[in-house]
Structures are given as C-alpha cells and as structure tokens.
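Just below is one structure, and these are the notes that go with it.
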Amino acid sequence: MKVAIVTAGGSGMGAACARKLAADGYKVAVLSSSGKGEALAKELGGIGVTGSNQSNDDLKRLVDETMAKWGRVDALVNSAGHGPRDEILKITDEQWHTGMDVYLMSAIRPTRLVAPIMAAQKEGAIVNISTAWAFEPSPMFPTSGVFRAGLAAFTKLFADQYAASNVRMNNVLPGWIDSLPQQDARRDSVPMQRYGKSEEIAATVAFLVSDGAGYITGQNLKVDGGLMRGI
C-alpha cells in the first residue's frame, strides 16, 4: 500500500494529481480550503480535510489523520493557490508576505511534517507544483516568480540533506494549463500551440513520485509545451 497527501487539491492541477495517484493505487489524503477536496477524497475513498495550507494546525490534522489511518506517507504533492499581483513597486509589504505564504511556505510547512516520516521509512518523494516562470519571471505573476525562485533554492537544499535518507524532492514547472482561463495570445506564445492539460501535470507528478524516478531529486522540470525551452 502506498499513501499520498495532496495539498490545495480541491480543483485544478491539485485535484488532477489526487485523481491520478488514486488511479495508480495510492490511498489519498486531500487538503482544500473550499470543501471540494473533502468531496473529492470521499469519491476516491480517501481522507479529506477542509483547511488551509497556510495553517500549521490544519496541515498537522491532515498528516495526523493520514498516519492514524494508514501509518505511512509515500508521496506529498504541494499545490498552491494564487497570490497578489500588481506592478512590482506597488506591491505592499503585506502582499509580499501573503505571496510568500501562498507560494513558498505552502510547500515548506507540509514538508516539515512529512519529511521526518519519510526519513524514518527510508522512502518518500515530494513534488511541489511551481511555475514555468520560476527562473525567468513574468510581470504578470510577480509574487509567484519571486517566491518560486526561492522554492527552487529550498528544493535543492532539501535534496542535499534528505537524499541519503532516500527522500526526494522535485518541482514541476507548468506553463499555460487548462485550469486557467484560455486566451488566444497565451496559447499562441506556446510552441505547441495549445494549453497543457491538468492531467499532463498530474502524469508528470505521478512519474516523479514513482520508483522509476528514484534517482531524480533537487530538480525543476518544465512542463510548458516548449515555452521556456533552455531558460
């Protein structure tokens, strides 16, 4: 039996990941602030908690319930919502702090809880859903670009420390995905001339937590239809 936790898993890419992992035979625990994650988990025969990935208490409840029911955690998928946007110098201190919570701490908080469990098992994989613009930021998503660059640094430091315990962490960097409203100009900017599918992100995540990716850690994998190429 394998067990996966998915945060911000009520809709979009997070929900697609929960569905894919359940289809692959994982028992799934889903955190969502909307209540949709709880409904999805029920549908998938798993555990659902309505709460925020910005709350250590909510995350601890999710992990505690998972451990109480299944006694292990093999995969953690950290998804996130959307942070503040504005012109770069119009973003307030409060908005920057919110962005850090949404895009960076949303991965660090659950990792703090789950990594010791995985290290004790001598097995586990964590995947953070980041953004294609992590290394070449876009003014459309300023707080995302800044803090997901930080997430890339955190991921490398985590990989350094936990690789010897057979605990891995990687980031998936989606481009324009169909969970966002479609715009012709955005579609046309992609070499593949289409938006990606949430299911394609989920399939990538499923690979990265699988045994087949057992020698991959500390990496940032672009899934963007060729948008960023070698950047």
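The Cα atoms of the range 1-73 define a convex hull whose projected area, averaged across directions, is 4.0 nm².
Within the same chain, aspartates and glutamates fewer than 8 places from Lys156 are excluded, and of the rest, none has a Cα less than 16 Å from its Cα.
Relative to its residue count, the range 43-89 spans a Cα convex hull of 119 Å³ per residue. In plain terms, the C-alpha convex hull of the chain casts an average shadow of 12.0 nm² when viewed from every direction. Residue separation of Asp160 and Arg61 scaled by 0.36 nm, minus their Cα-Cα distance, works out to 32.8 nm of gained length.
Mean-square fluctuations from a GNM of the chain, with a 10 angstrom spring cutoff on Cα atoms, peak among Ala213, Ala15, Ala68 at Ala68.
Accessible surface for the range 57-109, divided over its residues, is 52 Å² per residue with a 1.4 Å probe. For Lys60, a cut-off of 23 angstrom between C-alpha atoms picks up these lysines, skipping any fewer than 8 places away in its own chain: Lys2, Lys27, Lys36, Lys42, Lys69, Lys122. For the chain, the relative contact order is 19 percent, taking Cα pairs closer than 8 Å that sit 6 or more residues apart in sequence and dividing their mean separation by the residue count. Could you tell me what percent of the accessible area of the range 184-231 is made up of carbon and sulfur, with a 1.4 Å probe and every protein chain present? Exposed carbon and sulfur together represent 53 percent of the surface.
How much of the calculated P(r) for the range 78-153 lies past 22 Å, in percent of all Cα pairs? Write down the numbers at each step before the final one.
Working: 792 of 2850 pairs.
Roughly 28 percent, once rounded to a whole number.
Taken as entire DSSP H runs, the helices of the chain that both span 27 Å or more between Cα atoms along their own long axis and average 0.0 or more on the Kyte-Doolittle scale are 142-162.
The values are calculated or read from the model by the stated rules, or taken from the named source; none is laboratory data. Since the model is a prediction, treat every value here as computed from it, not as a measurement. Keep in mind that these areas ignore ligands, DNA and RNA; they rest on the heavy atoms of the full protein, side chains included. Shrake-Rupley method; radii C 1.70, N 1.55, O 1.52, S 1.80 Å.
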